[in-house]
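Below: the structure, in structure tokens.
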Amino acid sequence: MSIDVQTSLFDAAADDPPGFGELTGRLRRTPLSRGAWVDHLPGWLTGADQVFAELVDHVPWRAERRQMYDRVVDVPRLLAFYGESDPLPHPVLVEGRERLNGHYAEELGEPFRTSGLCFYRDGRDSVAWHGDRIGRGRHEDTMVAILSLGEDRKLMLRPNGGGAGRTLSFSLGHGDLLVMGGSCQRTWEHAIPKSARPCGPRISVQYRPRAVL
């Protein structure tokens with residue numbers, strides 16, 4: 001698959017291996033309402049553009065169609081899912097999961113176990129407002145960690161049902177990390193809106209605990 005992506009000026013040199021920075025002392029936590037919070041760390045992974053290119057070529061991306069009211073429509077992004085026993089498609093993703101488990105083990109009380117990948121090919125690809133509430137996220141506090149690769153896209157957050165002036169926006173790409181925790185999946189919603197401006201491709205890697213979808 002041939003995909004053009006605008007590389008980051010701050011990414012590692014082409015001959016340097018990808019690598020993660022520290023989490024402790026660098027993550028910025030934003031408290032939300034009703035026990036929800038978000039951690040954000042720009043540029044956690046250096047060499048992210050190299051990892052992006054390899055995932056584009058080696059992940060078995062699939063297109064899906066879903067029922068939407070009275071018709072079946074294309075899901076506006078490509079998908080891949082790796083369960084607990086599935087080998088991840090790149091060693092950097094394994095290292096990222098291990099580092100997240102080491103940092104959040106005490107607070108989360110369990111490891112991140114599964115990984116979902118979404119490939120947003122351009123500004124027309126998106127995901128609508130939702131929370132990860134299939135499974136335990138519907139009634140338990142949990143965490144979903146997102147590693148972003150490729151070009152920047154806006155991730156939006158709002159309380160369930162919306163609310164004027166209460167929407168947050170994070171620009172994610174090129175190795176940025178965002179972690180949604182506490183009650184975030186059941187009391188807040190998040191989305192990647194379509195973009196009217198020209199927009200390059202992005203891959204989102206979502207790490208989740210068991211039975212959080």
Scan segment 166-176 and tell me whether some residue there is farther than 23 Å from Gly21 by Cα, part of a helix (DSSP H, G or I) and at pLDDT below 95.
no
Would you please list the contacts, defined by Cβ atoms under 8 Å and residues six or more apart or on different chains, that run from a residue in segment 87-107 that is under 23 Å from Ala53 (Cα atoms) to a residue that is of a type in the set (Lys, Arg)?
Leu88/Arg97
Can you tell me which residue among Gly137, Gly102, Gly109 is surrounded by fewer than 20 Cβ atoms within 10 Å (Cβ to Cβ), of a type in the set (Gly, Ala, Ser) and closer than 17 Å to Ser183 by Cα?
Gly109
What is the number of the single condition among (1) surrounded by 15 or more Cβ atoms within 10 Å (Cβ to Cβ); (2) within 12 Å of the chain's Cα centre (by Cα); (3) within 20 Å of Leu79 (Cα to Cα) that Leu213 does not meet?
(2)
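Within segment 11-26, take every residue that is surrounded by 16 or more Cβ atoms within 10 Å (Cβ to Cβ) and modelled with pLDDT of 95 or more and give me the one that is nearest to Thr187 (Cα to Cα).
From segment 11-26, those surrounded by 16 or more Cβ atoms within 10 Å (Cβ to Cβ) are 11-12, 18, 20, 23; that's our starting set.
Then drop every residue that is not modelled with pLDDT of 95 or more, which leaves 18, 20, 23.
Numbers: Pro18: 35, Phe20: 31, Leu23: 26 Å.
Ranking the candidates gives Leu23 first.
The values are calculated or read from the model by the stated rules, or taken from the named source; none is laboratory data. What you see is a predicted model, and the numbers here were worked out from it, not measured in a lab. As a convention, Cβ positions derive from the backbone with ideal geometry for all residues, glycine included, and neighbour counts pool all protein chains shown.
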